[in-house]
Amino acid sequence: MMKKLTKQTEFYLALLIIALSIFITLNNPRFLTTENIFGLLRSFSVMGIMSVGVLFVLILGGSPDVSFTAIAQVVQYIVVILTLNYGGNIFLAFLVACALGVLMGLLNGFLVHKFKVPTIIITIATSNIYFGLLYVFSKGEVIFVIHPMFREFGQLAIGSWVGQHGTPYGLSLLAIIWLLTLVAGWFILRRTQIGRNIYAIGGNEIAAERVGINVFKTRMFVFGVIGFLSGVAAIVHAAIVQSAIPNIIVGQEMNVIAAVFLGGAGVFGGKGTIIGTFLGILLLAIVSNGLTLLGISTYWYNVLIGAVIVVSITISAIQQIRQEKTRVRVQVEGEVTA
Amino acid sequence: MVPHFGVEPQQIQIRTGCCDSMSKFLQMVNIQKNYGGVKALKGVDFSIDQAEIHCLIGENGSGKSTLIKIISGDVQPDGGEIQIEGRHYPRLRQIDSLNLGIRVIYQDFALFPNLTVAENIAYSQLVEKGDRLVNWQEIHEIAKAATEKIQINLDLHELVGNLSVANQQMVAICRALTKDVRLLILDEPTSALSKVEIDQQFKVVFDLQSKGISIMFVSHKLNEVLQIAHKVSILRDGEMIATLPREEVDNDKLIQLMSGRKITYTRYKGPETTNGKLLEVKGLTKKNNFADVSFSLGRGEILGITGLLGSGRTELALALYGIAPADRGSVVIDGKPVTIHSVQDAVRAGIGYVPEDRLTQGLVMKKSVRENVVPIVIDQLRNKLGLLDNGEWRQTVDHWIDELGIKVAHRDVEVRTLSGGNQQKVVLSKWLASKPKILILDNPTAGVDVAAKSSIYEVVRNMAEQGVGVILISDEIPEVVNNCNRILIMRNGRLVEHLETQDVTEEEVQNLVEMTGTQQQQISGELR
Ligand SMILES: Nc1ncnc2c1ncn2[C@@H]1O[C@H](COP(=O)(O)OP(=O)(O)OP(=O)(O)O)[C@@H](O)[C@H]1O
Ligand SMILES: [Mg+2]
């Protein structure tokens, strides 16, 4: 059991997270309080939700989708304007956002399938189109006052405790949406046939066709999922930020993608887990939070994240080499097996 | 009931009595297929009876795989008729073929390296059932049942990417057996297997056939074809030359029909005196791979290394070529000690290596034949300015296309479109062209047709005559006996026999290799 565990990327990622947590806590005990952790989960829920979609795309083919932030951005702006003009409720907002997200996702999927071009190429193009159109129509205008239902929704939480400065806190519904997304993602990838088909296609697309998997349908599903989650993330983001800034989500895609790679997804497809993805985002969250708590300029954030990625890639490479070395290929006569 | 091995083919005929009921399972008439200008099939007729073992043979590129892809619905023919169980199929799709119980095991297996053995085996059945949810327990039950059918011991939790080629093939067979099969098609199923595994596979084939399943078997190993066939069909250049019952053919006739000429083997004599030791290996050891291996190789000598799968022969080659360097031991080349820690070290020391798993290790599928041959010989193709000499390059490539009889319209054709055997020849030529001092060949003729085999032997012998020391690793006993001066046999990671080929017969070598074969096989089944 232990042996199997040490072969997993997730294991090392978890170790790294624990080590970092201990280090930060030793320097600032505020880190390891429920208030801080709950806050972290809330503020990283947007990235967390999107990361599950990114994981799906990476398992399918290893080439990342880079347009999901643009999708979320466009969806958010549209929904914010619609609700300002016509009112409505939060469910309706989710519904419209997800529908729009799915549509844009499906368009990506269709283009990728049709032109047999790596996802990253197609989505660079479509993200420019989506985002470009948003800029044309919004003229880059920030909407500072949005419908109050977003703020109300963002304040919903489970439990109520009193924090350090006497402010009440709980586990935000937004964080719960992230956790539910993780559970749903795990369920799809692990327990449904279409989820397994995603891994199969990532492993060997020709073989997938031969066993009778509908590759087109599966691909559309994956791009539908990332579109859907971009829609969810758009509303969650609006609930946190309580304004609609046309360029605030765009630009985060690389961090999300890096986190998913950190979590063990591969560049050739067919690899990656929900746990790993969760830990990947968690690591980003802790690094960012740690910087604040230790009073270091957040300008260091990108540098540190880069360093963390380099370290973890090195670890996984070393791990692979070690594994390769100890593999028993031949039962050599007279040799004691380890 | 499983038939015993070593039975005469005639006996098998009597036992099964396959051809009493003249019910055809599959009938194809005047099938045509063109790939651009290449006529892969030129009006082929082909049929399979129920419970018949039908072998399909032909040289590399003669159209065997293409015919199979049409039966499986992977490829649509340009013309002709297909009738299965009496029904016409103007357009046979993959899904139709699957639903009719047709299962193909491809030359490249079509497996998922990132999934476990269990899931790989169960996959087609799960897709067919069409359930939305997966039940892992069911997956394991399906896989277990299938592995038990052919009595093979595989770790169901292992990732398929970590398995040996032989075991990957077993996984592919297991997958085909998870469903009701009516026609099982095996495209060169034995080219990567050693004797014991082939026997095991034939046992499975006979067993299935006795249950009424038709078998279509494609192979370049004619002795195997003669061992199991009820009928043999011969393709040559996209045309069906003949379909004959087993009784009417023998080895020579099949070769004649395939290639239109006669090919005979001769034994290699080698140099009179081995002039000087080229390579001397002492006490080479790598934990979990092999131990205490010592041997020497002379200039102009062809040294055969054989042994069962999992005996450590490939691992030894990998160590000598620096891919998986040894832990201990010494290697002396031309009297100078060398340390081989990497492929660069090996290449600098003058060692060349043709890998076993050529199709995945040796080719860039989307590049042309010309570009695939060049990487290793690139330094030989530079002119005085250090630039690539295009004329020289073309000449070299054309020389090898000719020498090995690579069936390709032009040197600038993408390797992807070549037949399996011709792809192998491309990799081989790339290495042969590199003119090493010591050449290690790992199963160089797997999947290559009879005519090409003898031209490969010819090339290897010529190289030896020019002073190259050759190490020929092979499963095929006739291959090592006929082409080598000496033979080393490996078992359980150690060198156990050292033979002069003059003194031995093929049978003797075969027996030595198979000693404690059953034990060996169990071990390798568990390990790899
Ligand atoms: N996708 C393709 N595009 C172009 N030509 C092709 C394609 N597939 C096959 N061919 C050509 O069709 C011919 C028949 O190929 P096929 O693979 O059927 O041969 P084969 O009999 O299976 O040979 P082998 O014994 O080497 O596997 C070859 O000349 C090959 O180059
Ligand atoms: Mg073929």
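Results, tabulated for the structure shown:
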quantity	calculated
Table column - 3J(HN,Hα) (Hz), the range A:15-24, Karplus curve with 6.51, -1.76, 1.60, x for Gly and Pro	4, 4, 5, 5, 4, 4, 4, 4, 4, 5
Per-residue average of Cβ from other chains inside 10 Å of B:125-136	4
Most to least packed among A:265-276, B:309-320 [average Cβ atoms within 10 Å]	B:309-320, A:265-276
Set of the range A:192-220 residues, backbone N closer than 20 Å to the point 7 Å along the Cα-Cβ line of A:PHE115	A:216-217, A:219-220
Nonlocal amide H pairs with B:SER47, under 5 Å, H built at 1.01 Å	B:MET28
R0 of 30 Å, Cβ-Cβ distance B:GLU141-B:ASN99: FRET efficiency to nearest 0.05	0.85
The range B:108-179, relative contact order in percent, only Cα pairs under 8 angstrom and at least six apart counted	52
Straight-distance crosslink candidates among lysines, where the alpha carbon sits under 24 Å from B:LYS282 and sequence neighbours closer than 8 are dropped	A:LYS325, B:LYS336, B:LYS437
Inter-probe distance in nm under a simple model that places probes 7 Å from Cα toward Cβ, at B:THR505 and B:ASN34	5.4
Links that overshoot a 31 Å alpha carbon limit, given the list A:LYS116/B:LYS144; B:LYS195/B:LYS425; B:LYS39/B:LYS195; B:LYS33/B:LYS425	A:LYS116/B:LYS144; B:LYS39/B:LYS195
Listed peptides B:53-63, A:184-194, B:213-223 by packing density, highest first (mean Cβ within 10 Å)	B:53-63, B:213-223, A:184-194
Net lengthening on full extension, B:GLN256/B:SER330 (0.36 nm per residue, minus Cα-Cα)	21.8 nm
J(HN,Hα) series, the range B:420-435, from Karplus relation 6.51 cos²θ - 1.76 cosθ + 1.60, nearest Hz, glycine and proline x	x, x, 6, 5, 4, 5, 4, 4, 4, 5, 4, 7, 5, 5, 7, 6
FRET E, pair A:ARG191, A:TYR135, Förster distance 51 Å, beta-carbon r, rounded to 0.05	0.80
Averaged over A:264-275, number of beta-carbon atoms from partner chains that fall within 10 Å	1
Förster radius 56 Å - calculated FRET efficiency between B:SER23 and A:ILE143 (Cβ-Cβ, nearest 0.05)	0.15
Heavy-atom SASA rank of A:VAL75, A:VAL310 (probe 1.4 Å, accessible area, largest first)	A:VAL310, A:VAL75
Folded to 0 to 90 degrees: helix B:136-149 orientation relative to chain B principal axis, Cα	80
Surface accessible to a 1.4 Å probe, A:PHE153 within the full protein complex, Å²	20
Solvent accessible area, Å² - A:THR119, 1.4 Å probe, full protein context	20
Portion, in percent, of the accessible area of the range B:108-179 that falls on carbon or sulfur, probe 1.4 Å	47
Pairs beyond 23 Å (Cα-Cα), from A:LYS114/A:LYS217; B:LYS69/B:LYS366; B:LYS221/B:LYS367; B:LYS221/B:LYS287; B:LYS277/B:LYS453; A:LYS114/B:LYS42	B:LYS221/B:LYS367; B:LYS221/B:LYS287; B:LYS277/B:LYS453; A:LYS114/B:LYS42
Protein-only accessible surface order, largest first, of B:ARG394, B:ARG91, A:ARG219 at 1.4 Å	B:ARG91, B:ARG394, A:ARG219
Calculated from backbone phi, Karplus (6.51, -1.76, 1.60) coupling profile of the range B:405-411 in Hz, x at Gly/Pro	x, 6, 8, 8, 5, 7, 5
Contact order normalised by residue count of chain B, Cα under 8 Å, 6+ apart, percent	16
Simple label model, 7 Å out from Cα along Cβ direction - B:ASN153 to B:GLU239, nm	5.2
In nm, spacing of pseudo-spin labels at A:PHE23 and B:ARG394 (7 Å Cα→C-beta vector)	6.1
Heavy-atom accessible area per residue - chain A, 1.4 Å, Å²	47
Antiparallel bridge percentage (DSSP; both residues within chain B; nearest 5)	55
Chain A: relative contact order as a whole-number percent, Cα under 8 Å and 6+ apart	34
Distant-in-sequence amide H partners of B:ARG486 (H built 1.01 Å from N, under 5 Å)	B:ILE302, B:GLY304, B:THR501
Helical mean residue ellipticity (222 nm; -39500 (n - 2.57) per DSSP H run of 4+; nearest 500) of chain B	-10500 deg cm²/dmol
Max mean-square fluctuation residue, GNM over chain A, Cα-Cα springs under 10 Å, options A:SER297, A:SER43, A:SER138	A:SER297
Shielding of B:111-120 by partner chains, average beta-carbon count, 10 Å	5
Antiparallel bridge percentage (DSSP; both residues within the protein assembly as shown; nearest 5)	60
Anchor B:LYS24: lysines whose Cα lies under 18 Å away (excluding residues fewer than 8 positions away in-chain)	B:LYS211, B:LYS231
Placed amide H near B:ASP78: partners under 5 Å, 5+ positions off or other chain	B:GLN32, B:LYS33, B:ASN34
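The values are calculated or read from the model by the stated rules, or taken from the named source; none is laboratory data. Not measured: the values here are computed from a predicted model. Note: ideal-geometry Cβ built from the backbone for every residue, glycine included; neighbour counts use all protein chains shown. Ligands, DNA and RNA are stripped out before the accessible areas are found, and what is left, the full protein with its side chains, is counted by its heavy atoms. Shrake-Rupley method; radii C 1.70, N 1.55, O 1.52, S 1.80 Å.
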